[in-house]
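The values are calculated or read from the model by the stated rules, or taken from the named source; none is laboratory data. Keep in mind that what you see is a predicted model, and the values were worked out from it rather than measured. Cβ placement follows ideal geometry from the backbone for every residue including glycine, while neighbour counts extend to all protein chains displayed.
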Amino acid sequence: MSDTEEDGGGFWATMETPGPTETVVSGVTVGAGSRVRLRPKATADIFDLALTGREGVVETVEQDDEGALHFAITLDDDPGRDFGEARLPGHRFFYSAEEIEPLGERGPRVLVAGIGNVFLGDDGFGVEVTRRLGAEDLPPGVDVTDFGIRGMDLAYALQGAYDAVVFVDAAPRGEPPGTLTVLDPGSTGDAAGTPLETHGMDPVRVLGLAGELGRVPGVVRVVCCEPAVVDEALYELSEPVRAAVGEAANLVKSLVMEMIAESPGPGCRDHAR
């Protein structure tokens, strides 16, 4: 059944009790990130039947109050798929195990997340890099999304479906403007004492929120750029930061290819709820 605004928060809050990480459907293990084809029952309503044969990705496995499992699925050809990944209404669809056809093992999934406020000068760096990457051909399983300042949406998008994430952000680290740095927020040196906050939703905060919600990808990297001007109402990047956009896009692509090559398969870091 489709996830629509009219259904009311109480029903979906009950329905979206976390289910198992994965389960077996038609002899195939299915969990977050698994690819499936929709096969609604003949008795399904017209909205579900209209999606027959469409392919998508399982975002989460949910369990209702009667113990039945439901698979929250985003569709490959939905232009608003990133809203579904952020658990927003209208772009996720719930089906039972009898209504999905597993499409076999999936490859690793990587999220490239642009962070920043385009109205505050160089703080829009991450947004500009993801805009550049969005126009390029990337391997299957790689999603590039401009999250802007939507920290909660990004935290929800990290829940379970991705094996790795690359944040792209502007962050002052005392380097010359335009300098690019790759950080691992999970390492002691980068997590402690690194000033990443420039707009209230820096990667460390987002990862902390994602961990409180339940899961974060197993591999996390931050590509950050030293800004020249932030927190001022300038609606464009400074010259040195703009000049670094192309190099940053290439750097992100290299990181993504490394993540895909090194990924052992679906994985995440689970946290107690």
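List of remarks:
- Taking the numbered list (1) outside any loop (DSSP other than H, G, I, E, B); (2) farther than 13 Å from Ala170 by Cα; (3) at pLDDT 75 or above in turn, Asp190 passes all entries but (3).
- Screening Val219 against (1) out of contact with any Leu (no Cβ under 8 Å at 6 or more places or on another chain); (2) under 22 Å from Arg109 (Cβ atoms); (3) modelled with pLDDT under 80 leaves a single unmet condition, (3).
- For segment 112-159, the set of residues classified as surrounded by 19 or more Cβ atoms within 10 Å (Cβ to Cβ), without any contact (Cβ under 8 Å) to a residue 60 or more places away in the chain and in a loop (DSSP other than H, G, I, E, B) consists of Leu158 only.
- Scanning segment 26-56 for residues that are surrounded by fewer than 21 Cβ atoms within 10 Å (Cβ to Cβ), on the phi > 0 side of the Ramachandran plot and touching a residue at least 12 places away in the same chain (Cβ under 8 Å) yields Ser26, Gly53.
- Some residue of segment 232-242 being modelled with pLDDT under 70, more than 20 Å from Gly141 (Cβ to Cβ) and not in a loop (DSSP other than H, G, I, E, B): no
- Per-region count, segment 149-171, residues over 14 Å from the mean Cα position of the chain (by Cα) and modelled with pLDDT of 90 or more: 2
- Number of residues in segment 123-164 that are of a type in the set (Lys, Arg) and touching a strand residue (DSSP E or B) at 6+ places or on another chain (Cβ under 7 Å) equals 1.
- Test: residue in segment 114-124 that is more than 19 Å from Thr60 (Cβ to Cβ) and under 15 Å from the mean Cα position of the chain (by Cα): yes
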